[in-house]
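Beneath this line is the structure, given in C-alpha cells, with notes to follow.
The values are calculated or read from the model by the stated rules, or taken from the named source; none is laboratory data. Given the structure is predicted, the values throughout are model-derived calculations rather than measurements. Neighbour counts run over all protein chains shown; Cβ positions are idealised from the backbone, glycine included.
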C-alpha cells in the first residue's frame, strides 16, 4: 500500500511517498528555485549555430534555452510513461545532412517546451514537440500517434486501451499516449482527460497568437498537483497534507481529475511534525550520506562527479552464508534493489557505473542484473542499462531532467572547494615556510614581518614549528610575528610588513 505525505513550510514544499511504510520517492520544491520543466513559451531565436546543430532561444529566462535540430525534426523517443514524448511517425533525417539554419532563422518566433532544467552555466533544453500530460493520457499536438505505456505489459490490456482510444474522437493531427495510470481505466476517464488536454492546448495556441515573444504561455503544475496527477492510484491508501490551503486546493483538483479518490485526502492537524510522525525525517537525512548500509550488513557507497556517478558494493561485516560465493550473491542482490531506490530518491542523472562484488557464476550475474532491471522499472525517469562486463561492472544511464537532490541541497565546501579534502597542517605549514623564505629574500624592509594564518595553523607555527621560524629570524635578522585570523581559510596565508 502507498501513503503520500505532503509537508508545506515557508519557502519549501516536500513530498514523501511510502510503499509499505518504506520511503520510495522524495521530492523538494523551493519557492526561490521554481521548476520550469514542462513550461511552454513563445520564444525568439537569438542565434543559429550550424556547427552545433542547435539554436539559442530567448524565452525570457535568465539564460537562453537551446534547441537541437533533432528536437525540431524528430526528437529521440522517450519512454511513453514520462512527461515528454516524441512522434515516432515524424519523418527521420540524417543530422549531418540537415542544417538547422534551413529550418529556423534568427529572430523567428517559435513555440517551445522545456524538457530539461538549465544546469550550471547551461540554459534549459527545449523541444518544438509540445506534450501535455493528464491523469491517464498525454496529448501530443504535433503527432497522430496512438500509443500505450510500455510499463503496461499485459497484451490484452494494451489492446483494450488502444481500442478505446481509437474510438474516441481526437482532433485531427493530434495523438495521445496512455500512461501507466490508464490501466483498468475506462472510456469515461479517457474522454475527461482528452477534453481537458485539448482545451488546455487550444488556450496555449490562442495565447501564442496574441502574446509577443518572449512570453510564458503555459506553466506546469506545482509539485503538489503533479504528485496527485502522477502518483494517485488504487493502491494509494491515503494522502496526508499538513497545510489547510494546500489541502483544499488538492481536494478540489482530485475531485476534478479522479473523483473516486478524493476521500483519500486528509488534513494533518497534530502537533508532531508530519514527517516525524511517519518516521521519514531520519530517512531523508540518510539521502545525503556517502555510505548506505544494507540489511545483510553489507553496504554501498555513492560518489557523484560532474559527469558520472560511481557506485561501489561492499560485503562489509556480512559473512552469513555457507560459502563465499553465496555471501557475495546475497549482498549483490540486496545492493541491486537499494541502488535503484537511491537513484530515484536522490534524483541522480547521467552516466552511472556500478561495481558489484565479483561473482564467479554466470547464473548469479544474470539474476542480479535481472533484479536491477526490475527495480528500475518503478522509475519514471528513462534508464538504459548495459549488462555485466568482464570486471563485474554494470554501466547505465538515467535521464537527467533537473539537478540532483544533493546539488539542490548542498554547495561546494568553502574550505575544500568541492574536492572533499583540505591540505594537512604539515603541508600548509611547509608551503608557508617556503613562501616566507622567498618573501624575506626579496623584501629588504626592516619592519616586522606579519604572517597571517588560520588559528589552527597559527597554533602549530608557534609550537611544533617554532624552531623553523627561529631559524628564518636568525638567518635574515628580521622580526617575524604569527597572527591568528579567524576569517582565513585553513590553506590561506597572508605575508606582509607591518604598517
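Rundown of residues vs (1) crowded, with 17+ Cβ neighbours inside 10 Å; (2) touching a strand residue (DSSP E or B) at 6+ places or on another chain (Cβ under 7 Å), yes/no style:
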{"site": "428", "(1), (2)": "yes, no"}
{"site": "444", "(1), (2)": "no, no"}
{"site": "448", "(1), (2)": "no, yes"}
{"site": "459", "(1), (2)": "no, no"}
{"site": "465", "(1), (2)": "yes, no"}
{"site": "471", "(1), (2)": "no, no"}
{"site": "477", "(1), (2)": "no, no"}
{"site": "482", "(1), (2)": "yes, yes"}
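When the range 122-145 is examined, which residues are found to be surrounded by fewer than 17 Cβ atoms within 10 Å (Cβ to Cβ) and more than 22 Å from the chain's Cα centre (by Cα)? Give the derivation first.
Applying the first criterion (surrounded by fewer than 17 Cβ atoms within 10 Å (Cβ to Cβ)) to the range 122-145 yields 122, 144.
Scanning the range 122-145 gives a single hit, 144.
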Query - Single residue of 292, 300 found to be under 30 Å from residue 232 (Cα atoms) and surrounded by 15 or more Cβ atoms within 10 Å (Cβ to Cβ) - result: 292
Query raised in the report: Out of (1) modelled with pLDDT under 85; (2) more than 29 Å from residue 376 (Cα to Cα); (3) touching a helix residue (DSSP H, G or I) at 6+ places or on another chain (Cβ under 8 Å), what's the single condition that is false for residue 81?
Result: (2)
Report summary line: If we ask which residues in the range 293-324 are under 22 Å from residue 391 (Cβ atoms) and under 19 Å from the mean Cα position of the chain (by Cα), their number turns out to be 10
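Which of the strands (runs of 3 or more DSSP E) contained wholly in the range 264-350 include at least 3 residues that are under 18 Å from residue 4 (Cα atoms) and in contact (Cβ under 8 Å) with a residue 12 or more places away in the chain? It would help to see each step written out before you state the result.
Details: elements: 265-267, 291-293, 299-304, 308-314.
It comes to 265-267.
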Report summary line: Residue set 180, 236, 254, 200; condition closer than 30 Å to residue 164 by Cα, modelled with pLDDT of 90 or more and within 26 Å of the chain's Cα centre (by Cα); output residue 236
